[in-house]
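Engineer: Below you will find the structure I want to go over with you.
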Amino acid sequence: MPLLALANLRKQFGTNRVLDDVSLDVEAGEVVAVIGRSGSGKTTLLRCINGLERIDAGSIHFEGKPLPLGGAALREARRHIGIVFQSLNLFPHHSVERNITLGPTVTNDVPLAQAKALALDALRQVDLEDKLHAYPAQLSGGQQQRVAIARALAMQPRLMLFDEITSALDPELVGEVVKVLERLAKSGMTMVLVTHEMGFARRTADTLVFMHKGRVWEKGPPRELFAAPKTRELESFIRAVLEPND
Amino acid sequence: MSRDFDWSAFLFLLGALRWTVVLSIIAFVGGGVGGLLLALMRTSPYRTLRWIASGYIGLLQGTPVLMQLFLAYYGLAVLTGLRIDPWPAVTLAFTLYAAAFLGEIWRGAIQAIPRQQWEAAAAIPLSPFAQLRHVILPQAMRIAIPPTVGFVVQLIKGTSIASIIGFVELTRAGQLIVNVTFQPMIVYPIIALLYFALCWPLSLLALRLERRIDAALGIGQPA
């Protein structure tokens, strides 16, 4: 049984069909990188997986159970599905530590002392244990995204979603975040990433998904897809991202 | 027979100033509770709640406080069938009035918090109440401090209208003193100064509060 099973998803905003018959299985421990042009439905796909957007047709099963539509049941499922967003959205009025302990203490009823230990542990995984008492405004964009990863990890999720988390960063800060992602992938975390970092996708992903016009256009091991794209769309996309100035 | 403005007259004004303060505090606290409720209704996902709240706010903001005061005064009298004291009427009127304005100020502050903050809170996954309590309201509060203090200053000065239905607060007390001393150019400047002494420190306090919060967040400081 796959950890996550998407079957025939459809999502439309008005008459605009953003997701069209999307099916995808993600096995436990698998790293799936989703690529595609902007507007191809990648971000919407991720947002549907943790219920931030409601699908119009199809089904989402997480650990064999259908993803609830909302309310407390959806929150229960979300405890196991972490997400990190493109925008820098740490809570600016809380310290790094409180950003991370908030979920465990409020949602999971973990005692504060134990939550603090979780926070420290999560910060170690992103190499930021020295920023425990800093506030988000005192951190660089790359550091903020790493704290956001730690915030999600402290919930001890079984699936992690990453929505273009390096896209809002200055180029020199991308590397430190990608390094953390690679380490996390090696640790066996199940991950679905929407990304524009083709080098990272090629090195780290088990499965590459190319989305086009709201559909899964091509899917397979990254090396194969990069070496021999079957469709013209993927071929031109790869050419465009690898040689952006031509 | 007239008498001069003397120490005892001044003490009389100070005594009445107390009622200006008490009325302002009640209106602010009661209006604060109502205003928070209205702000949450205005920003809730339920259309009916939004509709009720904006209707209330529109009505109260679109009518003069004086009318609201008269309505509360005569309305309470008609409803209870008694000739009522101005006290309950002025507290009711100013509380309802403050609720509308605070509700609108705080709605703006809540809506100024980026959608991404709600989503980040929903992702960890806080309940809607916990999202408000831990993430949205603390940030909205920072934004709301200056306009809230601005409104409280208006509220304090606005309570002078209560004098019209015979509620003896600072302004009404001043009129009474003027009636016996015939010295308006002594009495009214003193009253103006007393209002100023109430309102000015509030503005200063708000500024300090803002700076303290900014400092705690590590923002707004010169590099």
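Bear in mind that the values in this text are calculations on the coordinates, not laboratory data. What you see is a predicted model; the values in this text were computed from it and never measured. Heads up, the Cβs are rebuilt from the backbone with ideal geometry, glycines too, and the neighbour counts pull from every protein chain shown.
Engineer: List, in order, the whole-Hz ³J(HN,Hα) value for each residue of segment A:158-169 obtained from phi through the Karplus relation with A = 6.51, B = -1.76, C = 1.60 and θ = phi - 60°; use x for Gly and Pro.
Structural biologist: Along segment A:158-169, the couplings run 9, 9, 10, 10, 10, 9, 6, 6, 9, 5, 8, 9 Hz.
Engineer: Among the aspartates and glutamates, select those whose C-alpha is under 12 Å from the C-alpha of A:LYS186, and discard any that sit fewer than 8 residues away in the same chain.
Structural biologist: A:GLU30, A:ASP206
Engineer: I need the P(r) histogram for the protein assembly as shown: all alpha carbon pairs, bin width 20 Å from 0 out to the longest distance, whole percents.
Structural biologist: 20, 40, 24, 13, 3, 0
Engineer: Still on this model: For segment B:1-80, state which trypsin sites (Lys or Arg not before Pro) are in a DSSP loop and have at most 12 other beta carbons lying within 10 Å of their beta carbon.
Structural biologist: In loop regions of segment B:1-80 (DSSP not H, G, I, E or B), the sparsely surrounded trypsin sites (Lys or Arg not before Pro) are B:ARG3.
Engineer: Still on this structure: Compute the acute angle (0 to 90°) between the alpha-carbon long axis of helix B:65-80 and the principal axis of greatest extent of the alpha-carbon atoms of chain B; round to the nearest 10°.
Structural biologist: 80
Engineer: Which whole-number percent is the relative contact order of segment A:105-246 (Cα, under 8 Å, 6+ apart)?
Structural biologist: Once normalised by length, the contact order is 15 percent.
Engineer: Given 4 °C and 1.567 mPa s, how large is the Stokes-Einstein diffusion coefficient of segment A:67-124 in µm²/s, with Rh as the Kirkwood radius over Cα pairs?
Structural biologist: 102
Engineer: Just to check I understand the Karplus step: with θ = phi - 60° and J = 6.51 cos²θ - 1.76 cosθ + 1.60, what whole-Hz values come out for segment A:66-72, glycine and proline as x?
Structural biologist: Ordered by residue, 3J(HN,Hα) equals x, 5, x, 6, x, x, 5 Hz.
Engineer: Chymotrypsin sites (Phe, Trp or Tyr not before Pro), restricted to segment B:94-194: which are DSSP loop and have at most 14 other Cβ atoms within 10 Å?
Structural biologist: Counting only loop positions with at most 14 other Cβ atoms within 10 Å, the chymotrypsin sites (Phe, Trp or Tyr not before Pro) in segment B:94-194 are B:PHE182.
Engineer: Averaged over all directions, how much area does the convex hull of the C-alpha atoms of chain B cover when projected, in nm²?
Structural biologist: The orientation-averaged projected area of the Cα hull of chain B comes to 16.5 nm².
Engineer: Once the Cα atoms of helix B:7-42 and of chain B are each reduced to a long axis, what angle between those two axes, in degrees from 0 to 90 to the nearest 10, is obtained?
Structural biologist: For B:7-42 against chain B, the angle is about 30 degrees.
Engineer: In segment A:103-246, if every C-alpha pair distance is counted and binned at 5 Å from zero, what percent goes to each bin?
Structural biologist: Values per bin, smallest distances first: 2, 8, 17, 19, 17, 14, 9, 7, 4, 2, 1, 0.
Engineer: Now, a different point. For A:LYS219, give me every one of the lysines with a C-alpha distance below 21 angstrom, ignoring sequence neighbours fewer than eight places off in its own chain.
Structural biologist: Qualifying lysines at Cα under 21 Å: A:LYS11, A:LYS42, A:LYS230.
Engineer: Run the numbers on chain B and let me know its relative contact order in percent, using alpha-carbon pairs under 8 Å that are six or more apart.
Structural biologist: Relative CO of chain B lands at 29 percent.
Engineer: Residues with amide H under 5 Å of A:PHE162's amide H, sequence separation 5 or more or different chain, H placed in the peptide plane at 1.01 Å from N; which?
Structural biologist: A:VAL84, A:VAL192, A:LEU193, A:VAL194
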